[in-house]
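Undergrad: Below you'll find the structure I mean.
The values are calculated or read from the model by the stated rules, or taken from the named source; none is laboratory data. Keep in mind that this is a model prediction, so the values were computed, not measured. Here the Cβ is made from the backbone with ideal geometry for all residues, glycine too, and neighbour counts use every protein chain on show.
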Ligand code: OAD
């Protein structure tokens, strides 16, 4: 049975030098971004993981781009929460703290997490790359929203008021003006399948500016694809340098491999494990022992609290 005692964790944290963290979508849940397997894991009628494959992109590049364009938009509108800032602060204070993030939303980067201590296992929504086999084009830090005009989130305009006299146009534009002043124009939630989405032709989707033939795609790792080798090598090197004191597992269902496998790898290098999760049944492969900790609740609240003994108040 894992401990839930923050005091014993805080003591152990103070004496820990080599620390690793595995982050998942639950970290960004208190910033308002949906997780994959929790409530909100469905996008329209699709399981989010159905759209995250090379085959889905091949078959329906417009639908997959609409999904990712929406995720880019939501991630840009969201703000990093206190847990992102707390982890960034721990990284600044301890150069032996290494973070593996499965998140592609860019919130850790926007919380100024030191980039050399942040390893992105599943890529980044704001990198785009060419899908052509013959082209290596890729572009990082593309925060254009929408990335092409055709992928703009549709807006809901109020219906023009019908009029029986010759002032129809005037009336309609007045009603639109009034509605706009009152905040009447609003973005539609395209994750709701009742909002119609028009199919888009290939030529309005993001195109490769270099080879001018391939479509661009989001720079995230899709199911069936390999994780970035360079990143995995850096992590393995770090792990082999010395024993590991502590493994933090924050807001992840620990069901997707190889990411989830790092918990047991760290344990085999000596680490005690501390899990922060909203839901005790949703921890996949992580088996906790009596030398571990389990903190149940919102990462946005708990992470700054459990790290306070080292980072102070956030
Ligand atoms: P999941 O959606 O599988 O799991 C999110 C976890 O966060 C669950 O265990 C929730 O209980 C927990 N959670 C939800 N809200 C929380 C909160 N406010 N505070 C703390 N915990 C909370 O997301 P990931 O584990 O990140 O991969 O999923 C792993 C990978 O599967 C993703 O990177 C993505 C996905 O398919 C790719 O796209 C390749």
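Undergrad: When you scan region 261-278, how many residues do you find that are farther than 14 Å from residue 235 by Cβ and either in contact (Cβ under 8 Å) with a residue 24 or more places away in the chain or under 19 Å from the mean Cα position of the chain (by Cα) (or both)?
TA: Number satisfying all stated conditions: 8.
Undergrad: List the number of the failed condition for residue 136; all other conditions in (1) away from the ligand (no atom under 16 Å from the Cβ); (2) in the same structural domain as residue 266 (by TED's automatic domain parsing) hold.
TA: That leaves (2) as the condition not met.
Undergrad: Scan region 118-126 and give yes if some residue there is closer than 30 Å to residue 271 by Cα and not in a strand (DSSP E or B), otherwise no.
TA: The answer is yes; a qualifying residue exists.
Undergrad: Please name all residue pairs, on different chains or six or more residues apart, with Cβ atoms under 6 Å, provided the first residue is in region 217-237 and is farther than 26 Å from residue 71 by Cα and the second residue is at pLDDT 95 or above.
TA: Correct list of pairs: 235/119.
Undergrad: Exactly one condition in (1) within 14 Å of the ligand (Cβ to nearest atom); (2) at pLDDT below 95; (3) out of contact with any helix residue (DSSP H, G or I) (no Cβ under 6 Å at 6 or more places or on another chain) is false for residue 231; which is it?
TA: (2)
Undergrad: Conditions first: (1) in a loop (DSSP other than H, G, I, E, B); (2) in contact with a helix residue (DSSP H, G or I) (Cβ under 9 Å, 6 or more places away or on another chain); (3) touching a residue at least 60 places away in the same chain (Cβ under 8 Å); (4) more than 14 Å from the ligand (Cβ to nearest atom). Residue 17 passes all but one, so which condition is the exception?
TA: The single condition residue 17 does not satisfy is (2).
Undergrad: Among the residues of region 24-57 satisfying the criterion of being part of a strand (DSSP E or B) and surrounded by 15 or more Cβ atoms within 10 Å (Cβ to Cβ), which is modelled with the lowest pLDDT?
TA: Selected residue: 43.
Undergrad: If you scan region 22-55, which residues turn out to be closer than 18 Å to residue 151 by Cα and more than 12 Å from the ligand (Cβ to nearest atom)?
TA: Result: 44, single match.
Undergrad: Do we have any residue at all in region 273-281 that's away from the ligand (no atom under 14 Å from the Cβ) and modelled with pLDDT of 95 or more?
TA: yes
Undergrad: Has region 285-293 got any residue that is under 20 Å from residue 121 (Cα atoms) and more than 9 Å from the ligand (Cβ to nearest atom)?
TA: Among the residues of region 285-293, at least one is under 20 Å from residue 121 (Cα atoms) and more than 9 Å from the ligand (Cβ to nearest atom), which makes the answer yes.
Undergrad: Something else about it: Run down 68, 85 and say which single residue is within 16 Å of the ligand (Cβ to nearest atom), assigned to a helix (DSSP H, G or I) and outside the structural domain of residue 245 (by TED's automatic domain parsing). Working first, answer last.
TA: On the way: 85 fails: outside the structural domain of residue 245 (by TED's automatic domain parsing).
Step by step, each of 68, 85 is checked, and only 68 is within 16 Å of the ligand (Cβ to nearest atom), assigned to a helix (DSSP H, G or I) and outside the structural domain of residue 245 (by TED's automatic domain parsing).
Undergrad: Restrict the check to region 86-93 and report whether at least one residue is in contact with a helix residue (DSSP H, G or I) (Cβ under 9 Å, 6 or more places away or on another chain) and surrounded by fewer than 17 Cβ atoms within 10 Å (Cβ to Cβ). Spell out the reasoning first.
TA: Taking region 86-93 and keeping what is in contact with a helix residue (DSSP H, G or I) (Cβ under 9 Å, 6 or more places away or on another chain), we get 86-93.
Add one more test, that the residue is surrounded by fewer than 17 Cβ atoms within 10 Å (Cβ to Cβ), and what stays is 92-93.
Checking region 86-93: at least one residue is in contact with a helix residue (DSSP H, G or I) (Cβ under 9 Å, 6 or more places away or on another chain) and surrounded by fewer than 17 Cβ atoms within 10 Å (Cβ to Cβ).
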